[in-house]
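The values are calculated or read from the model by the stated rules, or taken from the named source; none is laboratory data. Everything numeric in this text was worked out from a predicted model, so none of it was measured. Please note: Cβ atoms are built from the backbone with ideal geometry, for glycine as well, and neighbour counts cover all protein chains shown. Heads up: the accessible areas ignore ligands, DNA and RNA and are worked out on the full protein's heavy atoms, side chains in. Shrake-Rupley method; radii C 1.70, N 1.55, O 1.52, S 1.80 Å.
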Amino acid sequence: LMEGEKIDSRITVEKWAEKWMGSYKSGLEDSTKRWYNATLRSICQYTFKTGVAFGQMRVADVRSAHLSEIVNSLAGAGKGTIQAKKLVIRGLFSAAQENGIIHINPASKLPNVKGTYEGHKALTRREAALIADHYQGHNFGLPAMLMMWAGLRKQECFSLRWEDIDLANSVIHVSHAMDVRTGSQKATKTENSVRDIPIFAALKLPLQRAYKSRSGALVFPREDGSLWSEQTIKSALESFTKMLKERTGEDISFTCHDLRDTFATM
């Protein structure tokens, strides 16, 4: 917040959330801001039995019982969802205490509730082998191989250019990613994400084949030469898993991040 700025003690949770985002989270990536805003909206929309929405309550009137009710209502949700909402609630009220809106932090002791695991998984050796055996002939096949054998994030994979791939020295240079919202290129997720990845034997031949039939600067261009959209990626993945089932008779379900986790596990 601006130094010396006085906060109205009657400020609502919703209004404080807006101010908190503007002051404490302004330097975040757009995608991370959207995540925070979506989580805050969900929290603020919670309605108590009295009919009052949490976002319309005054921050100064919020008690630990209110927050406990919100957190307890999440029982059975994904563990990631529960942890995310608790994280945001703690940050929101810690900042409120720092700025003198409240003197006692009602979020200091949030209850623990049981959630379901909704995290990522690594593919089994058999599943990875099936992808390697059947990747050819589908537009998602080579991206799947790259994510699985180079550990690329989805956004990094689909913004990859041929100039980033050094086949002679067997190195992939990762220096940028794709903004899935705008379909444009941007910096990698963090500075540490700029890296060189060795091209392992399982990837060498697939990349050499693709290089011979390349068209344009992008490794995976759309027909008009532009980056794939988020919907294109989603549809291609669904089509690829459907093709795998038709060819192998096995139902293999995975996400792009599962392929990256498989690389880390291997």
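Taking segment 86-145, which chymotrypsin sites (Phe, Trp or Tyr not before Pro) meet the DSSP loop condition and have no more than 14 other C-beta atoms within 10 Å? The qualifying sites are Tyr117.
A simple rule links phi to the HN-Hα coupling: the Karplus curve 6.51 cos²θ - 1.76 cosθ + 1.60 with θ = phi - 60°, which for segment 240-256 gives 5, 5, 5, 5, 4, 5, 5, 7, 10, x, 10, 8, 9, 10, 7, 10, 4 Hz, with x for Gly and Pro. Counting only residues at least eight positions apart within a chain, or on another chain, the aspartates and glutamates with an alpha carbon under 16 Å from that of Lys154 are Asp164, Asp179, Glu230, Glu238, Asp258, Asp261. In terms of its C-alpha gyration tensor, segment 40-96 comes out oblate, because a/c is 1.5 or above while a/b does not outweigh b/c.
How high is the FRET efficiency from Ser9 to Asn72, r the C-beta distance, R0 30 Å, rounded to 0.05?
Rounded to the nearest 0.05, the efficiency is 0.60.
With respect to the chain, whose longest principal axis is taken over its alpha-carbon atoms, helix 79-98 is tilted by about 40°. Average accessible surface for the chain: 56 Å² per residue, computed with a 1.4 Å probe over protein heavy atoms with every protein chain in place.
Taking Lys15 as the anchor, which lysines have their alpha carbon closer than 17 Å to its alpha carbon, excluding any fewer than eight residues away along the same chain? Leaving aside lysines fewer than 8 places away in the same chain, those within reach of Lys15 are Lys6, Lys25, Lys33. Rg over Rh for the chain works out to 1.08, both radii taken from alpha-carbon positions and Rh defined as the Kirkwood radius.
Taking the 1.4 Å solvent-accessible surface of the chain as the whole, the part contributed by carbon and sulfur is 49%. Relative to the longest principal axis of the Cα atoms of the chain, the long axis of helix 125-134 lies at roughly 50 degrees.
Helix 141-150 versus the longest principal axis of the chain: what angle, 0 to 90°, nearest 10, using Cα atoms? Long axis of 141-150 versus the principal axis of the chain: about 70 degrees. Listed by chain and number, the lysines whose alpha-carbon sits under 20 Å from that of Lys212, ignoring those within fewer than 8 places in the same chain, are Lys204.
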